[in-house]
Structures are given as C-alpha cells and as structure tokens.
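Below: one structure, written as structure tokens.
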Amino acid sequence: MSSYQGVLHRYQGLLDLPAHTRTVTLMEGNTPLIPAQRLAEQLGGGFELFIKFEGLNPTGSFKDRGMTAAVSEAYGRDAKAVICASTGNTAASAAAYAARAGMRSVVLIPQGKVAAGKLAGALAYGAQVIQVEGSFDDALSMVVQITQKQPICLVNSLNPYRIEGQKSAAFEICDVLGSAPDWLCLPVGNAGNITAYWAGFKQYHELKSSGLPQVLGVQAEGAAPLVLGHPVDKPETVATAIRIGRPARGEQALQAAEESGGRIIAVSDDEILKMQRALAGLEGLWVEPASAAGLAGLTHELKAGRFEAKGKRIVAVCTGHGLKDPDIITKEMSRPLVVPPSLEALEEAILK
Ligand code: F0G
C-alpha cells in the first residue's frame, strides 16, 4: 500500500490548523510537475517550463488541497453542513469532501455559467445545488450572509483553512525542484490560490531558504478587476471558472504580485483558448480554459517583450482538467467523419 496520505498528513506541522481537526482526505495533492519542452520551444525556447497539473487531483481541480483542510476542520468540531458559492470546481470539491465526512453540502452557482463536468460532479457527490440568477459575486455575498446567521460552515477561500491546505502546492513545487522556480504563472479568479501560493513559498523560504518566485497572475480581459483597479459588475469570459468581478482576496493577490516583483495582467478569451489548444496539441495536456490563462499570460508578456525568460525556470499552474468543460471543445469541432466498416474506407479516410 502506498504511504501517501494526502496533503494534511504530508505537510503536517506546516499547515496552521486547529487541534480539533479530524482528517477527511481523498489523497489529494502530490500532482506531477510536468516538463513542457515543446511548448517552451514554441514560445522561443531558452528556458525551462514545467506544468503543475492540478487537474489530476481527485475531483479534477486544485480546490481539493484547500478543501481537505476546510472540511477536516469543520468535521472535527462536528459541523453538520458546508456551503459555498462557486463557478463549479469549489462546488464539486466541497460536495465530495462533505460526502466523505457524512456532512451535508449546499452549493450556489451562477445560473447557466457552470461547465457541465463541474455541475455533474457536484450533483454526483450529492450536493444540494442552487442556481442564482446573478454572478458568482452575488452568490458569494449570499453565502457569507447566511453563514453569519446559520450554523453552516463556509468553505469558500475566505475560510482561512482553505488557504492553509492550498499552500501545499507551493511546498510540493519546491520539494520537486529543490528550490522555488524563478517565475510562477497562474490564473486569478477569487484570488485564493495566488494568496496561498505566495504564503506557501514565503513560509518554505523562511524554513528552508528555498527562494521565492516572481508571480505572474492572469485574469481574463472581461473579468479583470485587479488589472482595472475596480470591481467589474458584469464579468464575462469563456473561462467561466474565473468569471469573477469582486475577488474576495483581491488585496492579497495584488500584494503577492508586488512583493514578489511580479504582476497581474489580463489576456483575451482568444489567447486563453489558443493556449488551451497548444497545451493539448503540443504536450498532451488537456486543461479547462481558465487553467490555460497563466500560460496565455506568459505568452502575452513574451510577445510584448516584457518578459526575460532566458535561463529561467518557470512553473505554470494548470488548475483544472479539460474533462470539466468538454463542451468548449466539442462546440467548435466539426463532426468526426463517419465511414462504413471496411478497410478501403479507412485507407481512403486516413491516407489520402
Ligand atoms: N482555475 C480554475 C479551474 C478555477 O476553478 C478557479 C477558481 C481559478 C483558476 C481561480 O482560482 O479563485 O483561487 O483565484 N474557481 C472558483 C470556484 C472560483 O468556485 O471553483 P482563485
């Protein structure tokens, strides 16, 4: 039997969780850091590029790292229910961990704006799914209010234990590379992930002198409050995971970018989708659109001549699996060819 027991066990002592915490795990974390040489070459070469493929977590996104911590804390004090607002991945993750702990889960999602694989996941794990006629930001405001009145545990990344568990991704990167990379590129939505990575890298550096990366946070153009410097009332992007106009941890995201000597930028939907296809076609990594945003941002900066990549070691975080959002691919696709069951027809189709 494998000795791996999930991120709370692996980084026990480094994650600030209350003593009453009782571990609920799906063996999340320990995701691969995959070299992406072909993509690096297409981007001009001369640097090392690694993909932290978080889509390989148990529910298909990075959310499981923080969720194991938040649900374990709630379970340890006998909470009976968890609630979150979500663009989909948090919902599926909360539902899965709650199911494992025998707890009820309620998830609020923006009506019609959640990818099929995420909604199906939340339903499969038994969550009560409520669609809000509004945005993620409206839904988040509702769950914050109800958890101030009712004994239901909030498991959005406003919950500090989500950040604690999520720090494990930064620790893993340092453990695998032997030090922090020069740059970390990642998508930014509600800004929990960037906050946690930065906290994790700083903590590891204090403990182990592992170094600190510069952080490139990337938003979608139609949902870029941190780039514009003000909230966006009607966020819009094909990357529905990061369709967020009022990030809960926006200040901390800006601070992470600034302290690290990095920045937060925006890219177009077209750039995001191009990178999604490039990752799949050049590296065999199919990620959901939002997950390609970090790399789309890197490409954007390289093209603009604002990024000195030569000799650098760059890690891009791909936050969720492509299977979460199959429609985005199949919608664009021409229908696969149909042939009769004969060798001639096959030869005709593939050799001509
Ligand atoms: N990538 C994916 C695939 C996501 O699902 C999210 C956020 C992000 C990136 C951005 O991370 O919010 O920590 O800045 N999804 C949340 C959700 C909002 O509800 O699943 P962030």
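Things worth noting here:
- Any hit, segment 238-257, residues being of a type in the set (D, E, K, R), part of a helix (DSSP H, G or I) and farther than 24 Å from Asn89 by Cα: no
- The set of residues from segment 3-34 being in contact (Cβ under 8 Å) with a residue 12 or more places away in the chain and out of contact with any helix residue (DSSP H, G or I) (no Cβ under 8 Å at 6 or more places or on another chain) comprises Gln5, His9, Met27.
- Among the residues of segment 33-47, those identified as exposed (fewer than 14 other Cβ atoms within 10 Å of the Cβ) and in a loop (DSSP other than H, G, I, E, B) are Gly44, Gly45, Gly46.
- Just one of (1) farther than 20 Å from Pro213 by Cβ; (2) part of a strand (DSSP E or B) fails for Phe50. It is (1).
- From the list Ala266, Ala290, the lone residue that is crowded, with 20+ Cβ neighbours inside 10 Å and either on the phi > 0 side of the Ramachandran plot or within 11 Å of the ligand (Cβ to nearest atom) (or both) is Ala290.
- Taking segment 184-207 as the range and being near the ligand (Cβ under 7 Å from one of its atoms), in a helix (DSSP H, G or I) and small (Gly, Ala, Ser) as the test, only Gly192 passes.
- Just one of the listed residues (Val114, Val176) is among the β-branched types (Val, Ile, Thr), assigned to a loop (DSSP other than H, G, I, E, B) and either under 21 Å from Pro32 (Cβ atoms) or out of contact with any strand residue (DSSP E or B) (no Cβ under 7 Å at 6 or more places or on another chain) (or both), namely Val114.
- Some residue of segment 245-252 being touching a helix residue (DSSP H, G or I) at 6+ places or on another chain (Cβ under 9 Å), within 16 Å of the ligand (Cβ to nearest atom) and hydrophobic (A, V, I, L, M, F, W, C): yes
- Arg277 falls short of the stated requirement of being in contact with a helix residue (DSSP H, G or I) (Cβ under 9 Å, 6 or more places away or on another chain) and under 15 Å from Leu216 (Cβ atoms).
- Scope segment 128-153; condition free of Cβ contacts under 8 Å to residues at least 60 places away in the same chain and assigned to a strand (DSSP E or B); matching residues: Gln128, Val129, Ile130, Gln131, Val132
- Count - residues of segment 87-115 that are touching a residue at least 60 places away in the same chain (Cβ under 8 Å) and either away from the ligand (no atom under 14 Å from the Cβ) or among the polar types (S, T, N, Q) (or both): 5
- Residue in segment 321-336 that is assigned to a helix (DSSP H, G or I), more than 12 Å from the ligand (Cβ to nearest atom) and small (Gly, Ala, Ser) present: no
Just so you know, all these numbers are worked out from the coordinates, no wet-lab data involved. Treat the numbers as computed from the prediction; the structure is a model and nothing was measured. In this analysis, Cβ positions are derived from the backbone assuming ideal geometry, glycine residues included, and neighbour counts consider all displayed protein chains.
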